[in-house]
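The values are calculated or read from the model by the stated rules, or taken from the named source; none is laboratory data. Just so we're clear, the structure is a prediction, and the values are computed from it rather than from any experiment. For neighbour counting, all protein chains shown are included, and Cβ atoms are generated from backbone atoms with ideal geometry for every residue, glycine included. All accessible areas refer to the heavy atoms of the entire protein, side chains included, with ligands and DNA or RNA removed. Shrake-Rupley method; radii C 1.70, N 1.55, O 1.52, S 1.80 Å.
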Amino acid sequence: MKRTILTAFLIAVFLATATAQYFPIDTARLNKAYKTLEQGKRTVETEMEFLEAFPTTWLEFYMTYCYRYNEFNNMSQMCSTHTTELFNLTHINDTVLCKKIVNVTIGMKEIGESTCWYQNFLVGYILNNEHLVLNYLSTLYKGYQMEFWQFCWSTVTECNREEDFEEFYNRNKEKYPKEMEISRVAFEHFYNGINYPILLPHEYDKYQHRQGYRNYKVKFDDYIEK
């Protein structure tokens, strides 16, 4: 009897550990912080709790919200509300919030759904906080700046951002010539220059097999210009 109980306990611990591995952040803390803000309890402390619990890098963001093929992940449903909250924090120091947003964005890939929602907020944030964003970007390596702008301007199709970019570029090219040249190059190559790739092809194959498509296999043609 004791052996049975011990076995059951070990299995439960293993399943809990396996599940937790899909979430590099403390999702319980993040959801609790979000609910506190949702209830209208907005102070420097409550907003900072949410900001600190929110993913800090693209990889954390992806593993938290975009891992769609695993049945244990329900956080993808919270991505839009959490992202909305991130860009609407009003009690946080502007520089602290800016660093968080930029750091999350560096390396981010436009894969539709959650990232598309994030990108829309990001572009608006940049246009409303130009000097704040550019001042922080100017302290980063050029490669990280490029990764930031690549995501910012990445689109599958044209979506009328030419005027936004042109105005943004002309307003800042003299004060931030190096930073704006990196942004210009990124816009030139990534605006209407990508497709939505499948980042986890083996996992996606398993998902399709579970759906009954036994012979399904991902073909790497998402990177080919049609």
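Observations
- Selected from F54, F165, F187 as most flexible by GNM, with the chain as the system and alpha-carbon contacts under 10 Å: F165
- Length released on extending from L59 to V96, taking residue separation times 0.36 nm less the Cα-Cα span: 11.3 nm
- Label positions at Y216 and N74, each projected 7 Å from the Cα along the C-beta direction, are separated by 2.4 nm.
- Taking a point 7 Å from the Cα of N31 along the Cα-to-Cβ direction, the residues of the range 77-100 with backbone N closer than 16 Å to it are 77-83.
- Heavy atoms of M63: accessible area, 1.4 Å probe, square angstrom to 10: 60
- Against the set (i) -0.68; (ii) -0.87; (iii) -0.78, the structure's computed log10 I(q)/I(0) by the Debye sum over Cα atoms at q = 0.13 Å⁻¹ falls on (ii).
- Nearest 10 degrees, 0 to 90: helix 27-38 Cα axis against the chain principal axis: 60
- Solvent-accessible area of L59, all protein chains in place: 110 Å² (probe radius 1.4 Å, heavy atoms, ligands and nucleic acids excluded).
- Cα gyration tensor shape of the range 32-166, rounded if a/c is under 1.5, else prolate or oblate by comparing a/b with b/c: oblate
- The accessible-area ordering, largest first, of the residues D94, D205 stands as D94, D205, per a 1.4 angstrom probe.
- Sequence-distant contacts, meaning Cα pairs under 8 Å at least 6 residues apart, place the relative contact order of the chain at 16 percent.
- Rounded to the nearest 10 degrees, the angle from helix 44-53 to the longest Cα principal axis of the chain is 70 degrees.
- Within the full protein context, the accessible area of K109 is estimated at about 100 Å² for a probe radius of 1.4 Å.
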